[in-house]
1. Would you mind stating whether residue 402 is among the hydroxyl-bearing types (Ser, Thr, Tyr) and within 20 Å of residue 252 (Cα to Cα)?
2. Taking residue 69 as the residue in question, decide whether it is within 19 Å of residue 176 (Cα to Cα) and either more than 22 Å from the chain's Cα centre (by Cα) or modelled with pLDDT of 95 or more (or both).
3. Could you grab me the full set of residues in segment 151-173 that are within 12 Å of the ligand (Cβ to nearest atom) and either β-branched (Val, Ile, Thr) or not in a loop (DSSP other than H, G, I, E, B) (or both)?
4. If residue 263 satisfies all but one of (1) closer than 27 Å to residue 152 by Cβ; (2) surrounded by 15 or more Cβ atoms within 10 Å (Cβ to Cβ), what's the number of the condition it fails?
5. In segment 174-194, what count of residues is obtained for those that are within 13 Å of the ligand (Cβ to nearest atom) and small (Gly, Ala, Ser)?
6. Out of everything in segment 125-168 that is of a type in the set (Ser, Thr, Tyr) and buried (at least 24 other Cβ atoms within 10 Å of the Cβ), what residue ends up being farthest from the chain's Cα centre (by Cα)?
7. If the requirement is being in contact with a strand residue (DSSP E or B) (Cβ under 9 Å, 6 or more places away or on another chain), in contact (Cβ under 8 Å) with a residue 60 or more places away in the chain, assigned by the TED database to the domain that holds residue 153 and more than 27 Å from residue 139 (Cβ to Cβ), which of these qualifies: 101, 41?
8. Of (1) part of a helix (DSSP H, G or I); (2) within 29 Å of residue 455 (Cβ to Cβ); (3) touching a strand residue (DSSP E or B) at 6+ places or on another chain (Cβ under 9 Å), residue 405 satisfies all except one. Which?
Amino acid sequence: MNLNAQPTASLFIDGRPVEGEGAALPVFYPYTGQEIATLREASTDQVALACQAAARAQPAWAALAPVDRARVLSRAAAIIRARNDELSRLETLDTGKPIQETLIADWESGAQALEYFAGLGPTLTGQMIPLGRDWAYTRREPLGVCAGIGAWNYPSQIACWKAAPALIMGNAMVFKPSEETPLGALQLAAILTEAGLPAGIFNVVQGGGAVGAALVTDVNVAKVSLTGSVPTGRRVYAAAAEGMRHVTMELGGKSPLIVFDDASLEDAVGAAMLANFYSSGQICSNGTRVFVQEGIRDAFLRRLAERAATIRMGDPLDAETQHGPITSPAQAEKIRAAIAAGQAAGARLVCGGPGEGAFIPPTVFADATDDMTIARDEIFGPVMTTLTFRDEAEVIARANATGFGLAAGVFTQDLTRAHRVTAGLQAGTCWINAYNLTPVEMPFGGVKQSGIGRENSAAAIEHYSQLKSVYVGMGPVEAPY
Ligand code: NDP
């Protein structure tokens, strides 16, 4: 099978593919370990050039009528839809995620973001403020050049989620994908260009943390949107603060999924599996602390083990495969270390385990306690920790006893309890009788250490624009001197 995924060039600057001048960046297909492309990182000069190109192009883009910007985004969404098969295959090669997932969850979600913000943009208006004789109005203006930095789990979706609200508001963007998954962002740049985006408005630079750091501190950058881990988020937030740059931080989590004993067992088990095993568990909002009420604990674990045993692991390009490899060998080793720590701490392995090579099977721990590292630290792999609880007040307190606050879920048939519990949970996104659904219409983001700002929905617009107030004097100026 031909797995060659070599792009035209490694970077995309000022409307065209440009080769990187930095270190070699090999790209591996996680399933076979085969090198499918060799890119080159951007040099520091190339990061600066990309930001300069963005700064030059941005004012004319911002001066367009919103419908004219929207048309470009809509066209890009249509191109993505037309090429979804080919783009999804590339996403699978880049990430190792099963093709049955990438066909419906990655570029599809990116296309929806472009469509949504294309529709929303032209409806945004300022405010007219009557002040008696005088009056004032507000203008929602772009920030300028925005830096986007992505994680490796949803590389193309992340690029679209950041580009769509930024571009519709008249900003330009320089995007750095994770060095593990550099291919999708280059496709987005080419698609946006084909859709009519002017040169310089969406640029891609490649490289690791050093390239990201150069981008964050570039003199032309007014805003930084990062999807990544909490430690990286702290560093990037601090670096951005130096220049008083705006930030959006979409960071990690250790989210609680609470199952009360009146819940539909089948739905709760299905959601817990989705919340831990989809994308081989490499999802920031995963419900990795599954709190099960005492009364249904045994039935829950029994059904979970039965259903987990049916998950098909294997070749991600096979349409039947439900569970693919971990995206990088280093991440697979981190997950194995977490599983070993869980066993050493005395938690019971219900199913799964360390696996072999790039594969880690769906893994469930029982008899865990809140102080174990498997119940405290983000693992970012297919590892579910189940915990038992007695009552509502206790579970809310334990669910909140973490520095993270990205997401949470509640399964119960009791209507008032569902809303009471979600009101008490410290999380940016909560689901009732559902998990991990992130439609573009709904704000998404974290509280506490899990982040700042929101992606998706009208809320994202706030983070890619600033208000200008204009006071209009309608009469003589009354000066006291
Ligand atoms: P990292 O934090 O390691 O990296 C995120 C991005 O930041 C990468 O592109 C990375 O480059 C870059 N980076 C690293 N250091 C710096 C720096 N000093 N300045 C600027 N950029 C830098 O995260 P992962 O890629 O490992 O992704 C996994 C993490 O992302 C998990 O914690 C997960 O929870 C979180 N995540 C959060 C989501 C959310 O929406 N809340 C969604 C998806 C993931 P490189 O890796 O190339 O070195």
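The values are calculated or read from the model by the stated rules, or taken from the named source; none is laboratory data. Source: prediction; values computed, not measured. As a convention, Cβ positions derive from the backbone with ideal geometry for all residues, glycine included, and neighbour counts pool all protein chains shown.
1. Against the criterion (among the hydroxyl-bearing types (Ser, Thr, Tyr) and within 20 Å of residue 252 (Cα to Cα)), residue 402 qualifies.
2. no
3. Scanning segment 151-173 gives 155, 157, 158, 159, 161, 162.
4. Tallying (1) closer than 27 Å to residue 152 by Cβ; (2) surrounded by 15 or more Cβ atoms within 10 Å (Cβ to Cβ), residue 263 fails exactly one: (1).
5. 3
6. Per the criteria, the residue is 156.
7. Among 101, 41, only 41 is in contact with a strand residue (DSSP E or B) (Cβ under 9 Å, 6 or more places away or on another chain), in contact (Cβ under 8 Å) with a residue 60 or more places away in the chain, assigned by the TED database to the domain that holds residue 153 and more than 27 Å from residue 139 (Cβ to Cβ).
8. Checking residue 405 against (1) part of a helix (DSSP H, G or I); (2) within 29 Å of residue 455 (Cβ to Cβ); (3) touching a strand residue (DSSP E or B) at 6+ places or on another chain (Cβ under 9 Å), the one that fails is (1).
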